[in-house]
1. Against the conditions (1) among the hydrophobic types (A, V, I, L, M, F, W, C); (2) surrounded by fewer than 17 Cβ atoms within 10 Å (Cβ to Cβ); (3) touching a residue at least 12 places away in the same chain (Cβ under 8 Å), where does Ile160 fall short? Just the number, please.
2. Looking only at strands (runs of 3 or more DSSP E) that lie completely in the stretch 5-70, which have at least 1 residues being over 15 Å from the mean Cα position of the chain (by Cα) and of a type in the set (Lys, Arg)?
3. Being of a type outside the set (Asp, Glu), under 14 Å from the mean Cα position of the chain (by Cα) and crowded, with 17+ Cβ neighbours inside 10 Å is the filter here; which residues of the stretch 91-119 pass it?
4. Scan (1) touching a residue at least 60 places away in the same chain (Cβ under 8 Å); (2) outside the structural domain of Asp137 (by TED's automatic domain parsing); (3) of a type in the set (D, E, K, R) for the single condition Arg23 breaks and write down its number.
5. Which ones in the stretch 120-155 are free of Cβ contacts under 8 Å to residues at least 12 places away in the same chain and surrounded by 11 or more Cβ atoms within 10 Å (Cβ to Cβ)?
6. Can you name the number of the only condition in (1) basic (Lys, Arg); (2) modelled with pLDDT of 95 or more; (3) closer than 16 Å to Asp162 by Cα that Arg36 fails?
7. Quick check: anything in the stretch 54-65 at pLDDT below 95, of a type outside the set (Val, Ile, Thr), loosely packed, with under 10 Cβ neighbours inside 10 Å and closer than 28 Å to Asn134 by Cβ?
8. Note down all Cβ pairs under 8 Å where the first residue falls in the stretch 49-67 and is assigned by TED's automatic domain parsing to the domain that holds Asp137, the second is modelled with pLDDT under 95 and assigned to a loop (DSSP other than H, G, I, E, B), and they're at least six residues apart or on different chains.
Amino acid sequence: MKQYEKTLKKDYLFNGIVVNLRRDQAELPDGRQAVREVVEHPGGVGIALEDEEGKFFMVTQYRYAQERVMLEFPAGKKERGEDPFMTAQREIAEETGYEGRDFYYLGKIVPTPAYDTEVIDLYYAKTGRFVGVNFDDDENIEMIRMTLDEIIDAIMKGEIDDAKTTSMAFLIRESKARGLI
């Protein structure tokens, strides 16, 4: 059953560096009107980089909005209009110091579809040559390496609750089981 809402008006309340916030007037399928608040985000990527020992590069970093340190697969924000594969190549080198090779597209997730336009494209890659880390000025990242089983165990224990990392771990496990990677 397809039901669409028609945007009648967009009112921008905030234009930021990373996100914009707008309040829309929408027409519902039955003709009534409703207010919709939307966070515009350019999207991002998550990259699972596996080394020759079968371990994945994971990052720990303080996430300001969550007010805590989180353990995640490396990730990054797309520049507006940037191809997600280009973002993945850039971000994996910046955060791990390694170029990726043999990239495999795992798919995408929509983390908060009710009010946010963000889409995260998910990639798997193997380590290529070492090029050195290049963190953004405001990043304080520590790197650890974990096996896929260790990552999934940490997810099941509630130690990892980042949506992209959880999605990627199970997508990787299933992709490996099916012989795709």
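1. Going through (1) among the hydrophobic types (A, V, I, L, M, F, W, C); (2) surrounded by fewer than 17 Cβ atoms within 10 Å (Cβ to Cβ); (3) touching a residue at least 12 places away in the same chain (Cβ under 8 Å) one by one, Ile160 breaks only (2).
2. Once the strands (runs of 3 or more DSSP E) in the stretch 5-70 are filtered for at least 1 residues that are over 15 Å from the mean Cα position of the chain (by Cα) and of a type in the set (Lys, Arg), what remains is 6-15, 20-27, 33-40, 55-63.
3. Selection gives Ile92, Leu106, Ile109, Val119.
4. (1)
5. Asp149, Glu150, Asp153
6. (3)
7. Yes.
8. Val59/Ile141; Thr60/Ile141; Gln61/Glu139; Gln61/Asn140; Gln61/Ile141; Tyr62/Asn140
The values are calculated or read from the model by the stated rules, or taken from the named source; none is laboratory data. Because the structure is a prediction, the values reported are computed rather than measured. As a convention, Cβ positions derive from the backbone with ideal geometry for all residues, glycine included, and neighbour counts pool all protein chains shown.
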